[in-house]
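The values are calculated or read from the model by the stated rules, or taken from the named source; none is laboratory data. Predicted model, so just to flag it, every value in this text is computed and none were measured. Here the Cβ positions follow ideal geometry from the backbone for every residue, glycine too, while neighbour counts run over all protein chains shown.
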Amino acid sequence: MSPTPSPEVTANGSARDREIIAARVIVTCPGRNFVTLKIETRSGISGIGDATLNGRELAVAAYLQEHVVPNLIGRDAGRIEDIWQFLYRGAYWRRGPVTMTAIAAVDMALWDILGKLAGMPVYQLLGGRSREGALVYCHANGRDISETTEQVGAYIEQGFLAVRAQCGVPGVKKAYGISTAGKPYEPAESELPAETVWSTPKYLEIVPQLFERLRADHGTGVELLHDAHHRLTPIEAARLARSLEPYRMFWLEDATPAENQKSFEIIRQHSVTPLAVGEVFNSIWDCKHLIENQLIDYIRTTIVHGGGITHLRRLADFAALHQVRTGFHGATDLSPVCMGAALHFDTWVPNFGIQEYMFHSDEANEVFPHDYYFREGRLHCGESAGHGVTIDEKLAARYPYAPKQLPIARLEDGSMWDW
Ligand code: EZ4
Ligand code: CO
């Protein structure tokens, strides 16, 4: 992709040029569902934002189409802060994943437009480059320890400096994060939720064995991460965190559900394994106690589910006061639009930690052409104006929406548990 700004950047950016004249929602399914908001201005410059909420896509699409788009027409696209405040305070109800994802989509699109008007990449608008690239981690997810260690080795060969490792749990059908043989991992695979079974004792048996093997096979030069995916009670999480200490984890993610933020105090009392949380958070209020009491080390709330660049910037600055760094969620259910915006943020944010990177399918990459790229363990945002991701609407129209939901988990006795 060319590093020079696109020709549409020649507009002078007056309030009249910036007037929002149209906005619409595009739903497409190139391998998986994505919702995208496109905002057009009088100047002819447009911007896009990701609005994908896995398994609940049409709720955000309707929220945008019915309740947000009519409010945008006629507004000045340059008033990013005011539009954010209008959508947040003006909705009265505040927060929640559907509202905050909708606000994020608008916000991302407006930063994209502002960048194009200014002829600058978004990271430059935020305050400029703090680093040369964003350290990323990818996923090794073998059916057993041998398969996972093989995958970790293959990723190290490809230049990855950090890898999240999960493995199948003997006696547990469909453990979190493990792909069906030969297929890339994609949890939302059926129209109604797949039923999975969970056993904490079996899981706690295997995980320390996995990381013992990974350190034996790959040494200490690679960063290793693990996601407990909200399955453990606080004291079980503390036990896992402590048992992983010899393997020097980069982090343990979602060790216990975090609705009650004080739960993390129990983990902290027992372990020095770094903790990451926040992919299901949607505002600063979900992590205020966690951050100001330094109960976590990385905050994972991302642009698309956390109210956009405008809110995440506020959250990141607050986190910086407490030496908490960013580690944005980056699963395949966040579209390349979100990844583009996140990489501009990662390039700027002073307290950057790491960025998750699951690979989008070829079809998704074709629907969303982008200028970010991977090199030597890091993702680099491009230099084109805006966030550097566009949508091929003709191609998008060839992939109609296909309803899919995330799995659920039950204990062996049938009780509902957290997936
Ligand atoms: O399960 O994004 O760290 N990554 C994750 C993800 C989530 C999915 C849910 O839609 O936990 O794989
Ligand atoms: Co996770």
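Which of the residues that make up segment 355-378 are away from ligand 1 (no atom under 16 Å from the Cβ) and of a type in the set (A, V, I, L, M, F, W, C)?
Narrowing segment 355-378 to residues away from ligand 1 (no atom under 16 Å from the Cβ): 362-363, 365-378.
Within segment 355-378, Val367, Phe368, Phe374 meet the criteria.
Just one of Ala109, Ala61, Ala105 is under 18 Å from the mean Cα position of the chain (by Cα), in a helix (DSSP H, G or I), under 30 Å from Ser190 (Cβ atoms) and outside the structural domain of Arg248 (by TED's automatic domain parsing); which is it? Please lay out each step first, then the result.
Values: Ala109 fails: under 30 Å from Ser190 (Cβ atoms); Ala61 fails: under 18 Å from the mean Cα position of the chain (by Cα).
Step by step, each of Ala109, Ala61, Ala105 is checked, and only Ala105 is under 18 Å from the mean Cα position of the chain (by Cα), in a helix (DSSP H, G or I), under 30 Å from Ser190 (Cβ atoms) and outside the structural domain of Arg248 (by TED's automatic domain parsing).
Step by step: first the residues of segment 287-303, then only those that are outside any loop (DSSP other than H, G, I, E, B) and within 14 Å of ligand 1 (Cβ to nearest atom), then the one that is nearest to Val106 (Cα to Cα). Which residue is that? Write out each step before concluding.
Narrowing segment 287-303 to residues outside any loop (DSSP other than H, G, I, E, B): 288-292, 298-299.
Next, only the ones that are within 14 Å of ligand 1 (Cβ to nearest atom) stay: 298-299.
Details: Tyr298: 26, Ile299: 22 Å.
Filtering first and then ranking leaves Ile299.
State whether one or more residues within segment 55-78 are within 22 Å of Ala385 (Cα to Cα), modelled with pLDDT of 95 or more and in contact with a Ser or Thr (Cβ under 8 Å, 6 or more places away or on another chain).
Among the residues of segment 55-78, at least one is within 22 Å of Ala385 (Cα to Cα), modelled with pLDDT of 95 or more and in contact with a Ser or Thr (Cβ under 8 Å, 6 or more places away or on another chain), which makes the answer yes.
Select from segment 191-229 the residues that are of a type in the set (Ser, Thr, Tyr), outside any helix (DSSP H, G or I) and within 16 Å of ligand 1 (Cβ to nearest atom) and list them in ascending order. Before you say what the answer is, go through the steps one by one.
Of the residues in segment 191-229, the ones of a type in the set (Ser, Thr, Tyr) are 196, 199-200, 203, 220.
Still in the list and also outside any helix (DSSP H, G or I): 196, 199, 220.
Residue satisfying the conditions is Thr196 alone.
With crowded, with 24+ Cβ neighbours inside 10 Å and among the charged types (D, E, K, R) as the only criterion, which of Asp362, Asp317, Asp346, Asp371 stands out?
Details: Asp362 fails: crowded, with 24+ Cβ neighbours inside 10 Å; Asp317 fails: crowded, with 24+ Cβ neighbours inside 10 Å; Asp371 fails: crowded, with 24+ Cβ neighbours inside 10 Å.
Asp346 is the lone residue from the list that is crowded, with 24+ Cβ neighbours inside 10 Å and among the charged types (D, E, K, R).
Within segment 257-267, does at least one residue satisfy the condition of being of a type in the set (Ser, Thr, Tyr) and in contact with a strand residue (DSSP E or B) (Cβ under 6 Å, 6 or more places away or on another chain)?
No - not one qualifying residue is present in segment 257-267.
Could you tell me whether any residue of segment 230-252 is part of a strand (DSSP E or B) and within 19 Å of Tyr176 (Cβ to Cβ)?
yes
Is there any pair linking a residue in segment 50-61 that is in contact (Cβ under 8 Å) with a residue 60 or more places away in the chain and crowded, with 23+ Cβ neighbours inside 10 Å to one that is hydroxyl-bearing (Ser, Thr, Tyr) and part of a loop (DSSP other than H, G, I, E, B), with Cβ under 9 Å and at least six apart or on different chains, and which?
So the pair list comes out as Asp50/Ser335; Ala51/Ser335; Thr52/Ser335; Glu57/Tyr401.
Being farther than 30 Å from Glu412 by Cβ, acidic (Asp, Glu), assigned to a loop (DSSP other than H, G, I, E, B) and modelled with pLDDT of 95 or more: is that true of Glu81 here?
Taking the combined requirement at face value, the residue does not satisfy it.
Examine segment 87-96 for a residue that is out of contact with any Cys (no Cβ under 8 Å at 6 or more places or on another chain), small (Gly, Ala, Ser), assigned to a strand (DSSP E or B) and modelled with pLDDT of 95 or more, and state whether such a residue exists.
Within segment 87-96, not a single residue is out of contact with any Cys (no Cβ under 8 Å at 6 or more places or on another chain), small (Gly, Ala, Ser), assigned to a strand (DSSP E or B) and modelled with pLDDT of 95 or more.
From Thr302, Thr273, Thr233, grab the single residue that is modelled with pLDDT of 95 or more, among the hydroxyl-bearing types (Ser, Thr, Tyr) and within 15 Å of ligand 2 (Cβ to nearest atom).
Answer to the check: Thr302.
Every residue, every condition in (1) in the same structural domain as Gly47 (by TED's automatic domain parsing); (2) among the hydroxyl-bearing types (Ser, Thr, Tyr); (3) in contact with a Gly (Cβ under 9 Å, 6 or more places away or on another chain); (4) away from ligand 1 (no atom under 16 Å from the Cβ), yes or no:
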position: His305; (1), (2), (3), (4): no, no, no, no
position: Thr310; (1), (2), (3), (4): no, yes, no, yes
position: Leu315; (1), (2), (3), (4): no, no, yes, yes
position: Ala320; (1), (2), (3), (4): no, no, no, yes
position: Thr326; (1), (2), (3), (4): no, yes, yes, no
position: Val337; (1), (2), (3), (4): no, no, yes, no
position: Ala342; (1), (2), (3), (4): no, no, yes, no
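If I ask for residues that are more than 16 Å from ligand 1 (Cβ to nearest atom) and assigned to a loop (DSSP other than H, G, I, E, B), which ones from segment 265-286 would you list?
Within segment 265-286, Ser271, Val272, Thr273, Ser283 qualify.
For segment 392-419, how many residues meet the condition of being within 30 Å of Glu366 (Cα to Cα) and touching a Phe, Trp or Tyr at 6+ places or on another chain (Cβ under 6 Å)? Explain how you work it out, then say what you get.
Going residue by residue through segment 392-419, those that are within 30 Å of Glu366 (Cα to Cα) are 392-407.
Filter again for touching a Phe, Trp or Tyr at 6+ places or on another chain (Cβ under 6 Å), leaving 407.
Looking only at that region, the number is 1.
Hey, can you tell me all the residues within segment 186-196 that are touching a strand residue (DSSP E or B) at 6+ places or on another chain (Cβ under 8 Å) and either among the basic types (Lys, Arg) or crowded, with 17+ Cβ neighbours inside 10 Å (or both)?
Ala188, Pro193, Thr196
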